[in-house]
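Below is one structure, written out as structure tokens; comments come after it.
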Amino acid sequence: MAGFQSLPGFREFYPEDFSRRQQIFRTWRQAAQAYGFQEYDAPVLEPLELYTTKSGDEIEGQLFSFTDKGGRDVALRPEMTPTVCRMVGAKAGALKRPIKWFSIAEFYRYERAQKGRLRAFNQFNADIFGEAGPEAEIELIALLIQCLAGFGLTKDDFYVRLSDRDLWFFYLEALGFNDAQARGILGAIDRYEKMGDDAFKGYAETHGELDADRKAKVLAFLKIKSLGELEAALAPYQSDKLAARLADWRKVLDGVGAMGLADFITVDLGVVRGLAYYTGFVFEAFDRKGDLRALAGGGRYNDLIKKLGYADLPAVGFAIGDVTTGLLIEQRGLAPKHATAPDVFVVLGGEAERKAAFADIRALRAAGWRVEYPFKDAAFGKQFKAAAESGAKLALIYGGDELAKGVVKIRDMSDRSEREVPRAEVVDAVRTALAGR
Ligand code: HAM
């Protein structure tokens, strides 16, 4: 095998792949701007410590980390959330609220290679800081839906599963679990979809066997699929905390419904999220067929900025990945064709004509058209063939006869019609010929 291979899980973007990625980024950026989010960027390399306590065991085990030449322990960023918290925390007093920020960036996790999971991938992150109420969740869930609907994906292609870690904690507290036990149960729930009943083995090892009655209640809670079922399940418990959470649930679902997006969202308490910092609502987006790993994930993380040593600032956000999103739009035939066709192909008589054409070529390009010309002299027939193959809309012909008359010929490639225009008017003539195409 010649040369070197790229590392496993790292992608090269040949032009066609690159243009697909650009379409994804463009769609996300448009959505974010329409929702009034502001774009930011941040370092790729961060102090290792930013992740070792904040992101949780799963991400910690996947870090690309090393000691730099100055003896610092550093890591390539596996996610944006701790970084954006530091940025917002450091200037919290000076930023106008609500703070609505987004970014598009590359992240690195040493994951086991599998479909939809790589070691270097891009995420669109959107976060709202300084808003404690569920209005922020409504805004973000709607934005997440637009980030996928913007490709032409519909409610039949993907959906958002909404859950709530606070609700779980309050419910488990009402069932008599202490905090450590509740965390153990949430860990089991996180694994339940993949492992089934075995997910509870870890809990039993640490906290003892779970009694059948409470296990049944946990599993029933896990299977809730609507607000009505949720209200019914909580009705027997007198808890202000649970009542307040239910009020927030109604607000979020009402708000998302009022935006006309009810069909995109389901109540699903099976989602608890692996990351350590989430405190309230959590949500994930999936393809309807269930072929792919998560498209996006997020939730509320009200304590993280304070844990990093800054102000007490509520926060909620999500990230959507380019790998699974790309697979889904490909599967649905929504990926764009790679467009490289020039607007104008310039056909040149020879060296003298090439020189004469250069000023016009430069002027046409400065006006914004995509203009191509052959690098080497060739017969007219060959050049017209190349013009046709390139998909150009117009050919501009710089032959000796034309130049002697002070004109240029414009050929419409669709019907081969030709006309002559004075050289001085070539930019205007191209503008007229391309108008409305
Ligand atoms: P996450 O669930 O770890 O959340 O990642 C969000 C999305 O990034 C996933 O749903 C997936 O599309 C993509 N992703 C993650 N890991 C990989 C990988 N190895 N290969 C390809 N795609 C991947 C977070 O990262 C949170 N920081 C999101 C967040 C923002 N929460 C609040 N604000």
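The values are calculated or read from the model by the stated rules, or taken from the named source; none is laboratory data. None of these values were measured; they are calculated from a predicted model. Virtual Cβ from ideal backbone geometry, glycine too; neighbours counted across all protein chains shown. Side chains included, ligands, DNA and RNA excluded: accessible areas come from the protein's heavy atoms. Shrake-Rupley method; radii C 1.70, N 1.55, O 1.52, S 1.80 Å.
If I stretch the segment between Gln22 and Tyr237 completely, what's the gain in nm (0.36 nm per residue apart, minus their alpha carbon distance), one decimal?
Roughly 72.3 nm would be gained on extension.
Between Leu253, Leu348, Leu242, which gets the highest mean-square fluctuation from a Gaussian network model of the chain, Cα cutoff 10 Å?
Evaluated over the chain, the most mobile residue of the options is Leu348.
Heavy atoms of the protein only, probe of 1.4 Å, neighbouring chains included. What is the accessible area of Asp377 in Å², nearest 10?
80 Å²
Can you figure out the FRET efficiency of Glu111 with Arg332, using R₀ = 35 Å and their beta-carbon distance, to the nearest 0.05?
0.90
Any chance you could look up the accessible area of Trp249 with a 1.4 Å probe, heavy atoms only, rounded to 10 Å²?
Its accessible surface works out to 0 Å², give or take rounding.
Order of 190-197, 71-78 by packing, highest average Cβ count within 10 Å first?
Highest to lowest by the protection proxy: 71-78, 190-197.
Round to a whole number: what % of the accessible area of segment 344-435 belongs to carbon and sulfur, probe 1.4 Å?
Of the solvent-accessible surface of segment 344-435, carbon and sulfur hold 52 percent.
Just to confirm my numbers, what's the Cα centroid distance between segment 1-80 and segment 339-376 in Å?
Centre-to-centre distance over Cα atoms comes out at 39 Å.
Going by a ≥ b ≥ c, the root eigenvalues of the Cα gyration tensor, does segment 63-190 fall in the rounded group (a/c under 1.5), the prolate group (a/b larger than b/c) or the oblate group?
Because its axes are fairly even, with a/c under 1.5, segment 63-190 counts as rounded.
Taking square-rooted eigenvalues a ≥ b ≥ c of the alpha carbon gyration tensor, is segment 344-435 rounded, prolate or oblate, where a/c under 1.5 means rounded and, failing that, a/b exceeding b/c means prolate?
rounded
Taking Cα atoms, how many degrees apart are the long axis of helix 212-222 and the longest axis of the chain, rounded to 10 and kept between 0 and 90?
The two axes meet at around 30 degrees.
Taking θ as phi - 60°, what are the ³J(HN,Hα) couplings along segment 20-26 by the Karplus curve (6.51, -1.76, 1.60), each to the nearest whole Hz, with x for Gly and Pro?
5, 5, 4, 4, 5, 4, 4
Evaluate the relative contact order of segment 344-435 (contact order divided by residue number), counting alpha-carbon pairs under 8 angstrom at least 6 apart; express in whole percent.
31 percent
What's the angle, to the nearest 10 degrees (0 to 90), between helix 380-390's Cα axis and the longest principal axis of the chain?
So the inclination is approximately 20 degrees.
Give me the accessible area per residue for the chain, probe 1.4 Å, as a whole number in Å².
49 Å²
How big is the charge dipole of segment 344-435 about its Cα centre, in debye rounded to the nearest 20, if each Lys and Arg gets +1 on its Cβ and each Asp and Glu gets -1 on its Cβ?
Dipole about the Cα centre, nearest 20: 220 debye.
Of Lys91/Lys115; Lys201/Lys251; Lys337/Lys409; Lys225/Lys289, which sit over 29 Å apart, Cα to Cα?
From Lys91/Lys115; Lys201/Lys251; Lys337/Lys409; Lys225/Lys289, over 29 Å: Lys91/Lys115; Lys201/Lys251; Lys337/Lys409.
Net charge near Gly36, counting Lys/Arg +1 and Asp/Glu -1 over other residues with Cβ under 12 Å of its Cβ?
Result for the local shell: 0.
Rounded, prolate or oblate: pick one for segment 15-331, where a ≥ b ≥ c are the square roots of the eigenvalues of its C-alpha gyration tensor, a/c under 1.5 means rounded, and failing that, prolate if a/b is larger than b/c, else oblate.
It is rounded, given that a/c, with a ≥ b ≥ c, falls under 1.5.
Which residue, Glu389, Glu173, Glu330, has the most motion in a Gaussian network model of the chain that connects Cα atoms within less than 10 Å?
Greatest mean-square fluctuation among the candidates belongs to Glu389.
Under 15 Å from a point placed 7 Å out from the Cα of Gln38 along the Cα-to-Cβ direction: which residues of segment 98-125 have their backbone N that close?
Of the residues in segment 98-125, 98-103 have backbone N under 15 Å from the label point off Gln38.
Hey, in the GNM for the chain with a 10 angstrom Cα cutoff, which one of Ser103, Ser390, Ser65 fluctuates hardest?
For the chain, modelled as a Gaussian network with Cα springs under 10 Å, the answer is Ser390.
How much solvent-accessible surface does Tyr35 expose, in Å² to the nearest 10, with a 1.4 Å probe and all protein chains in place?
My reading of the accessible area for Tyr35 is about 50 Å².
Taking the Cα centre of segment 233-296 as origin, sum charge times position over the Cβ atoms of Lys and Arg (+1) and Asp and Glu (-1), and report the length of that vector in debye to the nearest 20.
Here segment 233-296 has a charge dipole of around 120 debye.
Provide the gained length on full extension for the span Phe375 to Glu205, in nm with one decimal, where the gain is 0.36 nm per separating residue minus the Cα-Cα distance.
Length difference between fully extended and current span is 53.9 nm.
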